[in-house]
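Please treat every number below as a calculation from the coordinates, not as lab data. What you are looking at is a predicted structure, and each value in this text was computed from that prediction instead of being measured. Glycine also receives a Cβ, built like all others from the backbone with ideal geometry; neighbour counts cover every protein chain displayed.
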Amino acid sequence: MVLFYGKYKMSFAVVIVIMLLLVSFRFTTVPTSGFLSVDDHESPSFKVGVIRSSDQSLNMDEHMEQLKEVSVIAGADRVITNATKKEHSSFFPIYDELSTVKSFNDKYSYLPYDMTGKYGRTVYAINYGDTKMIFLRGDELRMDESQQLTWLNSEVKASNQMHHIVFIHNIPRDVSFWDSINDLDIHLVITENKLFTRKSVVMQEPSAWNDAYETQWAVWELNTNPRIMYLMLEMSSSEITVKALNQQGESVDRMIYDVAYKQLDLVHKHTAVPIQAMWKYHEGTDEISSFIHDGYDISGETPITNRYQVPVEDWRSKMYDDSSWKIGYGPFGYMAEPIHMKINQQLPPIQHSVTYFFRKTFDFDEDLEQLKKLFLHITFEDGYVAYLNGEEISRDGMKTGLVTHQTLAQPNETHLYETKDISNHSNKLIVGENVLSVEVHSSHPKASNFIFDLSFTYELDNIIGE
């Protein structure tokens, strides 16, 4: 044994040191968060409830019992009825002109007073987590009354909150209201019967969802579903989910938006094809023909310089018969890994091809002489080739030259509304009916991800009188 130790004493010492280190590590508390923790900057989730006053079958005490898990609740002043037996300091009222300013001040003594210097407690703001909730008076928003909007402007600009939500009983007719909302980049406005949201941040639309009269906005018409009694706003980091609940607290509809999910640069003011538009689509197959015109270099080494027109039988042609194609709303696809976007039209993976074809007809009625810039804003994985009225205008993730529905794309990460300047193809756009055709390719026959959506926007020269 002495000989063994003498011969291997160095190895024996190393083993002893390793054992001591392992024992020490076993009883040491190892940090589980730090600069590499992905959750370090995540805000805690919290909820805000909104009581709709269109149904008066419940008094405030009963409403609060239904929403007992929510610590902040908003609703019209009229929700507080004579049958309410106690003060609910977690309720934040929207002034609806039912009460005088004095009685409103007396009734809600827990609200901040005179934040604007004029309106008592009827106009105020509260901070809750990463959200600033701003309560305005629609009856006082007029062209000759700027004090409320001046206060709104200063309140938002001084705010560090990520979300700014405006509550107001009725939308005022004055354009100065929307001018202020747009200038301040507010994304959510809630009234008694409508919910307005910027289209550029919406990830999932509710059922009764239409374009609003104000550009860049859409409106959720709450009155179209008589079962909606409550809205539940669930917030986490930059995302808000708005659930519509019935009297029993069951979800009957919902909308999701994310302020980090701005799909388009708003400098491009004119939109010919919006995001989440309706497209016709078809899986790749040999039966869908593509014309190869004379002199076309299938290798792609020689650029196309001459204009050409594809025949009617070509799937990219304006006159192509796509009546048998399926119809859906973008984004299209299937994703094994979750992404920050809802796919509106799920597509089944196809075994005989790696490609889906898409067609979109749209009208253009501007003066071509004033056309300054053209843009595609495209979501895709893995590659695509886009055509306008049969002629190629953009490709990414694809080899040059001829491609078929069997051509593999280059492996790519998901691109979300990547902007492509196609102004050099403006001569392919015509006044009247146009067709965008896009083929989207996967990088592998068994690829787990596929996604597509596209918007087509343009800029005009700043000509006096435009």
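Tabulated results
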quantity	calculated
Theoretical gain in end-to-end length, GLN147 to ASN127 [0.36 nm per residue, Cα-Cα removed]	5.1 nm
Rh (Kirkwood; distinct C-alpha pairs) - segment 46-258, Å	17.4 Å
Range of Cα positions in segment 316-409 per principal axis (Å), largest first	45, 32, 29
Measure of compaction for segment 382-466 (Cα Rg per 2.2 N^0.38 Å)	1.29
Förster-model FRET efficiency, 60 Å R0, ASN424 and PHE46, C-beta, rounded to 0.05	0.75
Cα-based convex hull volume of segment 182-249 per residue, rounded to whole Å³	93 Å³
Cβ-based exposure ranking for SER146, SER443, in which fewest neighbours within 10 Å come first	SER146, SER443
Restraint check, LYS47/LYS342; LYS318/LYS372; LYS318/LYS360; LYS47/LYS68, Cα-Cα greater than 18 Å	LYS47/LYS342; LYS318/LYS372
Computed FRET value (nearest 0.05) for ILE292 with SER207, which takes r as the C-beta separation and R₀ as 41 Å	0.35
Ratio Rg/Rh [Cα only; Rh per Kirkwood] for segment 270-460	0.94
Relative contact order of segment 46-258, pairs being alpha-carbon contacts under 8 Å that are 6 or more residues apart, as %	17 percent
Proxy reagent accessibility, fewest Cβ within 10 Å first, across THR379, THR419	THR419, THR379
ILE350-THR100 FRET efficiency (beta carbon distance; Förster radius 60 Å; 0.05 resolution)	0.35
